[in-house]
Amino acid sequence: MSDKPSYGFTTTILHNDRRKPIEHYSLHKPVHTSVAFGYTDARQLASVFQGKEPGFRYGRQGNPTVSALEDKISKMEDGVATLCFATGMAAIGALAQALLRAGDHVVSSSFLFGNTNSLWNTVASQGTEVSFVDATDVANVEAALKPTTRMVFVETIANPRTQIADLARIGELCRARGILYVVDNTMTTPYLFRPKAVGAGLVVNALTKSIGGHGMALGGALTDTGVFDWSTYPNIADNFRRQPPAAQGMAQLRAKGLRDFGASLAPEAAHHIAVGAETLALRMERTCANALALAQMLEADERVAAVYYPGLPSHPQHRLASEQFRAYGSLFSFELKEGIDCFDYLNRLKVGIPASNLGDTRTLVIPVAHTIFFEMGPERRASMGIAESLIRVSVGIEDTADLLADFGNALS
């Protein structure tokens, strides 16, 4: 396909592999399982290792199947380059591994996925200061900045209470201060929102979730949007300064966050994710519509104490979500009225499945405080607004009527 025509989101992703020649006219990039790549000319091998020409060195640092997925994710995010990792957490871990040093400072949203919260606490124990703030208001982020602040990290829609960061204003602040702005786009996906539009320099996507979409492959990605000026970032090593300024960040991330850290995405997983990504827009349309209908039904039921979903006018950041996102996402959480046991409720569901993943084609439910947020303890949970009865719902593509009946009948 020519690069000249401008296609829509799904058409671009669906036909992206064919922009480069594929063996035997295959419609999908094949799965390349080799971990080594041989060259007939030893000088060419050396040239590839030195970065003088494109090519593959070793499977830990890159693979043709993974590279095809990276190009697809870059197109999704309107980015200039993407690195794929074994998991979404590996992608976030690479930020610390490759870009932060002892004495640096990170400002992070306090409303985080539990494992991300745990990772930042580990980073803090190793000499990088981390400040957790309520990122729904840019003033809290600004108040936390220090001369040593290297990075501001937020999620678009927080998991599980669905708080929404003041994305655009935080982007303006980071741009004015020259600070790297990192946005985890997992809960929205690039179909609902592109963080580049609010000035994010790096975008995180847990490919395991909605982009892969079928709960059958782990993966994560970091995308460079081309917005951040890496020549100003103090932690780029001298050997990567030889790269053009726009390429310095990803060069260091590939070497220190992927090659050295070793959390490489397997080609088989990359293939599954790439195929799943083709239907992202179609699935998100359905799951977002299902989530809104289900959240509205539960909010209207007197046996439900609270529902947290950005699509509801009662949500504190409903207006912000309406301004920023194409739709409100496929995740919400809710609390049952006192006297209704959350475990008994979950056990009465016939369609919703007790499971810990997100972004699956199936609707998944989990009691948050007792599982994925149990480790952080009651005080930290309370600071994040996570009640003991909170149930998280990752809404799937089932028929809407079946979901409404299932969640309603379980209240009886």
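May I ask you to compute the full-extension gain from Ile340 to Ala405, defined as 0.36 nm times their residue separation minus their alpha-carbon distance, rounded to one decimal in nm?
21.6 nm
In square nanometres, what is one fourth of the surface area of the convex hull spanned by the alpha carbons of the stretch 270-345?
On the way: hull surface 27.2 nm².
Taking a quarter of the hull surface, the average projection is 6.8 nm².
Could you tally the net charge around Gly88, taking each other residue with its Cβ under 14 Å from the Cβ of Gly88, Lys/Arg +1 and Asp/Glu -1?
-1
My understanding is that a pair violates if its Cα-Cα distance is over 20 Å; which of Lys209/Lys350; Lys146/Lys196; Lys29/Lys72; Lys29/Lys256 do that in this structure?
Values: Lys209/Lys350 22 Å; Lys146/Lys196 24 Å; Lys29/Lys72 11 Å; Lys29/Lys256 27 Å.
In this structure, Lys209/Lys350; Lys146/Lys196; Lys29/Lys256 exceed 20 Å between Cα atoms.
On a 0 to 90° scale, report how tilted helix 64-77 is relative to the longest principal axis of the chain, with both axes built from alpha carbons and the result rounded to the nearest 10.
60 degrees
Treating only the Cβ atoms of Lys and Arg (+1) and Asp and Glu (-1) as charged, compute the dipole magnitude of the chain about its Cα centre; round to the nearest 20 debye.
Charge dipole, the chain, about its Cα centre: 1340 debye, nearest 20.
Just to verify a number: what accessible area does Arg362 come out at with the full protein assembly present, 1.4 Å probe, Å² rounded to tens?
120 Å²
Residues with beta-carbon under 15 Å from that of Arg392, excluding Arg392: net charge, scoring Lys, Arg +1 and Asp, Glu -1?
Its environment carries a net charge of 0.
Tell me the mean residue ellipticity at 222 nm calculated for the chain from its helices only (DSSP H runs of n ≥ 4, each -39500 (n - 2.57), averaged over every residue, nearest 500).
Value at 222 nm, helices only: -10000 deg cm²/dmol.
Show Lys350, Lys75 ordered by accessible area, largest first, where the area counts protein heavy atoms only and the probe is 1.4 Å.
Most to least solvent-accessible, the answer reads Lys350, Lys75.
Working from Cα positions, state the angle (0 to 90°, nearest 10) between the long axis of helix 167-177 and the longest principal axis of the chain.
40 degrees
Using amide H atoms built 1.01 Å from N in the peptide plane, name the residues 5+ places from Ile157, or on other chains, whose amide H lies under 5 Å from its own.
Met187, Thr188
How large is the charge dipole for the stretch 157-239, taken about the Cα centre, if only the Cβ atoms of Lys, Arg (+1) and Asp, Glu (-1) carry charge, to the nearest 20 debye?
Dipole magnitude for the stretch 157-239 comes out near 280 debye.
Could you work out the percent of alpha carbon pairs in the stretch 20-129 separated by over 18 Å, rounded to a whole number?
Cα-Cα pairs of the stretch 20-129 separated by over 18 Å account for 65 percent.
Can you give the net charge of the other residues whose Cβ lies under 13 Å from the Cβ of Asp78, counting K and R as +1 and D and E as -1?
Within the 13 Å Cβ shell, the charges total +1.
How tilted is helix 280-299 with respect to the longest principal axis of the chain? Cα atoms for both, answer in degrees (0 to 90, nearest 10).
Between helix and principal axis, roughly 20 degrees.
For Phe132, Phe332, write out the residues from largest to smallest accessible area, computed with a 1.4 angstrom probe and no ligands counted.
Values: Phe132 65, Phe332 0 Å².
The residues order as Phe132, Phe332, largest area first.
Hey, if you drop one equal point scatterer on each alpha-carbon of the chain and run the Debye formula without solvent, what base-10 log of I(q)/I(0) do you get at q = 0.07, 0.08, 0.13 Å⁻¹?
-0.33, -0.43, -1.12
Nearest 5 percent is fine: what portion of the DSSP beta bridges confined to the chain is antiparallel?
Details: 25 of 44 bridges.
Here the antiparallel bridges make up roughly 55 percent for the chain.
For the modelled label position 7 Å from the Cα of Ala124 along Cα-to-Cβ, which residues of the stretch 371-397 have backbone nitrogen atoms closer than 19 Å?
It comes to 373-386, nothing else.
Enter the accessible area per residue of the chain (Å², integer; probe 1.4 Å; all protein chains in place). Write out the running numbers ahead of the final one.
Values: 17500 Å² over 412 residues.
Result: 42 Å² per residue.
Please list His32, His370 from largest to smallest accessible area, probe radius 1.4 Å, with all protein chains kept in place.
Output order, biggest surface exposure first: His370, His32.
Please report the spacing between the Cα centers of the stretch 94-156 and the stretch 325-376 in Å, no decimals.
27 Å
The values are calculated or read from the model by the stated rules, or taken from the named source; none is laboratory data. Treat the numbers as computed from the prediction; the structure is a model and nothing was measured. No Cβ is skipped: glycine too gets one built from the backbone with ideal geometry, and neighbour counts run over all protein chains shown. Ligands, DNA and RNA are excluded from the accessible area calculation, which covers all protein heavy atoms including side chains. Shrake-Rupley method; radii C 1.70, N 1.55, O 1.52, S 1.80 Å.
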